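Undergrad: Sharing a structure below in structure tokens format, with a few things to ask.
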Amino acid sequence: MDDLPTIPGLDREQTAALRAWVLALIRAEVRAEFHRIRSAKTARAARARKAQGLGWGRPPSVDQAKLDEAARLRREGRPWRTVSESVGVPLTTLRRWLDPRKG
């Protein structure tokens, strides 16, 4: 920083402090602009997905057809493990989706 010019009326330390303050101000403004852009993009994506009738976030781990089949097998009295193997869904996932005591 020795080769940078000083501001007239300020010594070298004051110039360095002012320069650091201005850079911090610019960094803060860049960070704020980044967050404004990101939140606007997220809101636009959410509106577009909602307009298309799509949900937001991670898709469900089990499709509805498998859940319906598993529920039917449970109503018939089949054990959880047998239902899990029949529909090809892990046992804990089935219980999380279907067991009213777990939700």
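We did not get these values from a lab; they are worked out from the coordinates using the rules stated. The structure displayed is predicted, hence computed values, not measured ones. Backbone-built Cβ (ideal geometry, glycine too); neighbour counts: all protein chains shown.
Undergrad: Can you work out ³J(HN,Hα) from phi for every residue in region 87-99, in order, using Karplus 6.51 cos²θ - 1.76 cosθ + 1.60 and θ = phi - 60°, giving whole Hz and x for Gly and Pro?
TA: Each residue's phi maps through the Karplus curve to give 8, x, 10, x, 4, 5, 5, 4, 5, 5, 7, 10, 7 Hz.
Undergrad: Another one. Report the percentage of all Cα-Cα pairs in the chain whose separation exceeds 16 Å, rounded to a whole percent.
TA: 74
Undergrad: Give, rounded to the nearest 20 debye, the magnitude of the charge dipole that the chain has about its Cα centre when Lys and Arg contribute +1 at Cβ and Asp and Glu contribute -1 at Cβ.
TA: 960
Undergrad: When VAL30, VAL87 are ordered from fewest to most other Cβ atoms inside 10 Å of their Cβ, what list results?
TA: Fewest-to-most Cβ neighbours within 10 Å comes out as VAL30, VAL87.
Undergrad: Another question about this same structure. Choose one of LEU54, ALA32, THR15: the residue whose Cα lies farthest towards the positive end of the charge dipole of region 1-57 (beta-carbon charges +1 Lys, Arg; -1 Asp, Glu; about the Cα centre).
TA: Final value for the positive-end residue is LEU54.
Undergrad: On to the next question. To the nearest 20 Debye, how big is the dipole of region 32-82 about its Cα centre, given +1 on the beta carbon of each Lys and Arg and -1 on that of each Asp and Glu?
TA: Dipole of region 32-82, to the nearest 20 debye: 180 debye.
Undergrad: Taking θ as phi - 60°, what are the ³J(HN,Hα) couplings along region 9-19 by the Karplus curve (6.51, -1.76, 1.60), each to the nearest whole Hz, with x for Gly and Pro?
TA: Running phi through 6.51 cos²θ - 1.76 cosθ + 1.60 with θ = phi - 60° gives x, 10, 7, 4, 5, 5, 5, 5, 5, 5, 4 Hz.
Undergrad: Would you calculate, for the chain, the mean residue ellipticity at 222 nm contributed by helices, counting each DSSP H stretch of 4 or more residues as -39,500 (n - 2.57) and dividing by all residues, to the nearest 500?
TA: -22000 deg cm²/dmol
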